[in-house]
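Beneath this line is the structure, given in structure tokens, with notes to follow.
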Amino acid sequence: MKKTLIVVLGPTGVGKSKLSIKLAQYFRTEIISSDSRQVYSELSIGTAVPPEVDLQKVKHHLIHSHSVHDDYNASQFEKDVLAILDHLFREKDTAVMTGGSMLYIDAVCHGMDRLPDADPELRSRLIRDFNEKGIEHLRLQLKKLDPHYYSVADLKNPKRLLHAIEVCLITGKTYTSLRTNQKKERLFRIIKIGLNLERGELYERINRRVDQMIEEGLEQEARHVYPLRNLNSLNTVGYKELFAYFDGETDRDKAIELIRRNSRHYARRQLTWFRRDQDIAWFRPEQEKEIIHYVESKLT
RNA sequence: GGUGCCAUAGCUCAGUUGGUAGAGCAACGGACUGAAAAUCCGUGUGUCCCUGGUUCAAUUCCAGGUGGCACCA
């Protein structure tokens, strides 16, 4: 029998975790989190890690598996998930993956091209150059290293330019030549379940969840990691806004309002990304029966 | 009940010496291959409260109405 990965995706706060537990229980299997921030063990409240009771019900993978000090990325995630699945599929026919990190989901479903690991020293040098000389400097460098990518790149986006440059410098090849634009073959079947709500309803849920996080002690959690604020892992909604408050740049209410807004913006970006994926079957989060029925119809 | 002020975008407001309007915030659309909860690009979405009058033309002027606020009774 062909093994199956059931992917539950959707905007933040829509109710993915709850449904995933139901699915995992129904199919007697385990859950892999596809959330780029829940992997960090220092973060719980602000990343909406499921409560301990839920984690007890079903085994979860890649939650609190790393530290904010670790360099983690989508490619590493792809490798980690494939290893977990390899192990899991020896015993189970299905597995559930749930989370909203778009690139991470695609890394598992489509695969990432083989590129070199980032060299921390080179990266910080390039960042320093960018800060001192501006984006024009990055553009000129890229134009020399990879004229083709330069012609199609988003020339206003420093991260994109910088990454292409570092890949060229490390490999001695052009970034273009390493981008295959091909889906990787997977040995398992993938079923994508998308959860969504009417926009106003979703925003209400997001706003309410932020208030709940504050009640549960998000401020204290953020204060705990405040000294590490420069780590990329802490460039995260729910923390960066509170850091600004701790710095005295805004007041508390303003910071909380910004968390709400930035969470809404994040949800929108997620929906934009998912919209173009034709493989997703969309449901409302409470349609458990319909979803199970849909999955079973795909399994036969 | 009387007098005065106000009514313009989802919100707070600006403006048009009469030629159908614009800021901030919010909102909306898009991109995305190893930092992705990141990063970047784009978009005013409007019965200018209603009805009538004056006028070639009214969101703007006039009258009445409705609603809100303030003060006086």
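With a ≥ b ≥ c taken as the square roots of the eigenvalues of the C-alpha gyration tensor of region A:158-285, please select rounded if a/c is under 1.5 and otherwise prolate if a/b is larger than b/c or oblate if it is not? Before the final figure, lay out the partial values.
Working: a/c = 2.65, a/b = 1.28, b/c = 2.07.
Verdict is oblate for region A:158-285.
Using a 1.4 angstrom probe on heavy atoms only, work out the carbon and sulfur share of the accessible area of region A:121-174 in %. Write out the running numbers ahead of the final one.
Values: 1810 of 3420 Å².
In region A:121-174, the share of accessible area belonging to carbon and sulfur is 53 percent.
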What accessible area, in Å² to the nearest ten, does a 1.4 Å probe give for A:R209? 70
Here FRET efficiency (C-beta to C-beta, A:L228 to A:L122, R₀ 25 Å, nearest 0.05) is 0.65
Pop a pseudo-label 7 angstrom from the Cα along the beta-carbon direction at both A:N157 and A:S67 and give the gap in nm to one decimal. 3.2
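Quote to one decimal, in nm, the extra length available between A:N181 and A:D113 on full extension: 0.36 nm per residue of separation minus the C-alpha distance between them. Walk me through the numbers before you get to the answer.
Details: separation 68, 0.36 × 68 = 24.48 nm, distance 0.80 nm.
23.7 nm is the gain from fully extending A:N181 to A:D113.
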Applying the Karplus parametrisation 6.51 cos²θ - 1.76 cosθ + 1.60 with θ = phi - 60° to the phi angles of region A:243-259, what ³J(HN,Hα) value in whole Hz is obtained for each residue in order, glycine and proline being reported as x? 4, 4, 5, 4, 6, x, 7, 9, 8, 4, 4, 5, 4, 5, 4, 5, 4
According to a simple spin-label model (label point 7 Å from Cα along Cα-to-Cβ), what is the distance in nm between A:D277 and A:K254? 3.7
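If R₀ is 22 angstrom, what is the calculated FRET efficiency for the pair A:D93 and A:K289, using the beta carbon separation as r and rounding to 0.05?
Values: r = 21 Å, r/R0 = 0.94.
Calculated value: 0.60.
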For A:V53 and A:R199 in one chain, what is 0.36 nm times their gap in residues minus the Cα-Cα distance, to one decimal in nm? 49.6 nm
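Accessible area per residue of chain A at 1.4 Å probe, in Å²? Could you put the intermediate results ahead of the total?
Values: 16410 Å² over 300 residues.
Spelled out: the 1.4 Å probe surface of chain A, per residue, equals 55 Å².
Would you mind putting A:167-177, A:150-160, A:256-266 in packing order, based on average other-beta-carbon counts within 10 Å, highest first? Before the final figure, lay out the partial values.
Numbers: A:167-177: 16.2, A:150-160: 13.5, A:256-266: 18.2.
With the highest mean Cβ count within 10 Å placed first, the list reads A:256-266, A:167-177, A:150-160.
With a ≥ b ≥ c taken as the square roots of the eigenvalues of the C-alpha gyration tensor of region A:1-70, please select rounded if a/c is under 1.5 and otherwise prolate if a/b is larger than b/c or oblate if it is not?
Details: a/c = 1.74, a/b = 1.59, b/c = 1.09.
Cα axes put region A:1-70 in the prolate bin.
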Any of A:K22/A:K184; A:K192/A:K254; A:K92/A:K184; A:K3/A:K173; A:K16/A:K159 with alpha carbons more than 28 Å apart? Name them for me. A:K22/A:K184; A:K192/A:K254; A:K3/A:K173; A:K16/A:K159
For A:T4, other-chain or 5+-apart residues with amide H closer than 5 Å (H placed, Pro excluded) are A:T94, A:A95, A:R189
Taking the Cα centre of region A:92-182 as the origin, how large is its charge dipole in debye, to the nearest 20, when only Lys and Arg (+1) and Asp and Glu (-1) carry charge on their Cβ atoms? 240
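The values are calculated or read from the model by the stated rules, or taken from the named source; none is laboratory data. Just so it is clear, the model here is predicted, and its values are computed rather than measured. Glycine also receives a Cβ, built like all others from the backbone with ideal geometry; neighbour counts cover every protein chain displayed. Quick note on the areas: whole protein, heavy atoms, side chains included, nothing else; ligands and nucleic acids left out. Shrake-Rupley method; radii C 1.70, N 1.55, O 1.52, S 1.80 Å.
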